[in-house]
Amino acid sequence: MQSRIDALEKKVAEQGEYISKQQKESVLQKETIQTYESRLSKFEEKPVPAEPPHFFDGFVFGLGGTLVAQGTDNANDASDGDQLKDSRTDALYSIDLTLARAFEGTGGNAFLHLEAGEGSGLEDDLVLYSNVNRDAADNGGDVTVTELWYEQKLFGENVAVSFGKLDPTILFDQSAVAHDETRQFLGRIFRNSPVVEFPDNTAGVRVAALPFEWLELGYGYFDGDNDWERIGDDGFNMGQAHLKTDFFGAAGNYRFYGWKNNADHTKWSDPAAVEEASYGFGLSFDQKLAQNITGFCRYGWQDPDVYNPNLATTDGQNFSLEESWSAGLEFGGAPWKREKDVLALALGQVFPSGEYKRFGSSTVLTPKAKPEGHFELYYRIQVNEHLCVSPDLQYIWNPFGGDIPEDTESIWVGGLRAQINF
């Protein structure tokens, strides 16, 4: 009898070791998937010396879903006959499926990102220079190809070339704490600069180089009008220098960029000039300030003399932006014994162009064109390794520069977001 008990105890111990090993592998798999989702390559941060696990002979899968509910006391878009100053509560969901593979020995990587979602949240109820929910991508629940690219590393992995259907907003103007609408800030002003005319995910090529460990240089060329036609014309060009610092053992990222969009723009002072280009520059910094505190700031400027005819309000009003800034702080939850929780806040403004204010539009002849202000506060609760829940509060003053007829009141937006990782 004792020998049978000893055998059973040994078997239980072996099963416990196996379960522990499987849990560790699951954590590594999740980290690898998140790395593929957040960047094209390991260029953005120093590579972690770990061998990634693979499913099905080298493939790595990722699956996640985001649910967002938002409400406001002042829905200021009455273009569809809705009541001004109405209270609204809307919701949306999005699902992301990723498939990645690194081709060992060749320096090649391939990535596929499929996305589906329904609901625009409050974005179709608000008229703003920069809206309140970057995760809004209503496609009626249909599955779409968001990204499909191949990357080849060259010269000892110090150069990488990527081509295919790319997302320019992931490759440029990044931030460690303000660049992921599923886990960080929801407001568009805090995800990317609103004065960069990023095209939607489209045909493009990107080259990145690491001449030094502390310096990354990147250049991208994309189809500026996002129609996959004549991609050599109307191109969107963007270059960025990324300085990676480690002052007093505190990591920092300092990015400087410039861009030019050759898609057709119209000159404010000459409506017959409809084939103008636009250009701009900006910066995006993030710096570790203390063990549990990271700060960020952004600034951007673009040509104020032209406007993009595709940038208009729901009732067809054209406008253009000139400058934007934002700054904020992220606090890790360790001081209140919630190590995986995050509290973050940010403040920013968007400035309409002086030429728009001078010439006005067909619906607003003499716009006030005040700077639109944004504040956002969220607290991310890490419920477990598969679920985090984030209450979110936003406040917008001078919405659309104070130029909504009969409605110049500020806007409060309260929301709740759940991020599920399978």
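The values are calculated or read from the model by the stated rules, or taken from the named source; none is laboratory data. Fair warning: this is a prediction, and the values are worked out from it, not measured in the lab. So basically every Cβ, Gly included, is an ideal-geometry build from the backbone, and we count neighbours across all protein chains shown.
For the condition among the hydrophobic types (A, V, I, L, M, F, W, C), assigned to a strand (DSSP E or B) and within 30 Å of L377 (Cα to Cα), L112 does not qualify. Cβ-Cβ distances below 9 Å connect the following pairs, each with a first residue in the range 304-318 that is on the phi < 0 side of the Ramachandran plot and modelled with pLDDT of 80 or more, a second residue that is assigned to a loop (DSSP other than H, G, I, E, B) and of a type in the set (D, E), and a separation of six or more residues or different chains: N308/E197; N310/D225; L311/E197; Q317/D403.
Could you please let me know if E339 is at pLDDT 95 or above, under 26 Å from the mean Cα position of the chain (by Cα) and not in a strand (DSSP E or B)? It is true that E339 is at pLDDT 95 or above, under 26 Å from the mean Cα position of the chain (by Cα) and not in a strand (DSSP E or B). If you go through the range 163-191 and pick out every residue that is out of contact with any Ser or Thr (no Cβ under 9 Å at 6 or more places or on another chain) and β-branched (V, I, T), you end up with 1. Considering each residue of the range 221-236 in turn, at least one proves to be surrounded by fewer than 22 Cβ atoms within 10 Å (Cβ to Cβ), modelled with pLDDT of 95 or more and in a strand (DSSP E or B). The set of residues in the range 129-144 being at pLDDT below 95 and aliphatic (A, V, I, L, M) consists of A136, A137, V143.
If the condition is being in contact with a His (Cβ under 7 Å, 6 or more places away or on another chain) and more than 15 Å from F59 (Cα to Cα), then the range 89-131 contributes D96, S130. Pairs are defined by a Cβ separation below 8 Å, a sequence spacing of at least 6 or placement on different chains, a first member in the range 281-302 that is part of a strand (DSSP E or B), and a second member that is of a type in the set (K, R) and surrounded by 23 or more Cβ atoms within 10 Å (Cβ to Cβ); the pairs so defined are G282/R298; L283/R298; S284/R298; F285/R298. For the range 270-281, check the following and say yes or no: at least one residue is crowded, with 19+ Cβ neighbours inside 10 Å and among the hydrophobic types (A, V, I, L, M, F, W, C). No, the range 270-281 has no match at all.
In the range 63-93, the residue that is surrounded by the most Cβ atoms within 10 Å (Cβ to Cβ) out of those that are farther than 21 Å from F400 by Cβ and in contact (Cβ under 8 Å) with a residue 60 or more places away in the chain is V68.
So, in the range 352-366, exactly how many residues are in contact with a Lys or Arg (Cβ under 9 Å, 6 or more places away or on another chain) and at pLDDT 90 or above? Number satisfying all stated conditions: 3.
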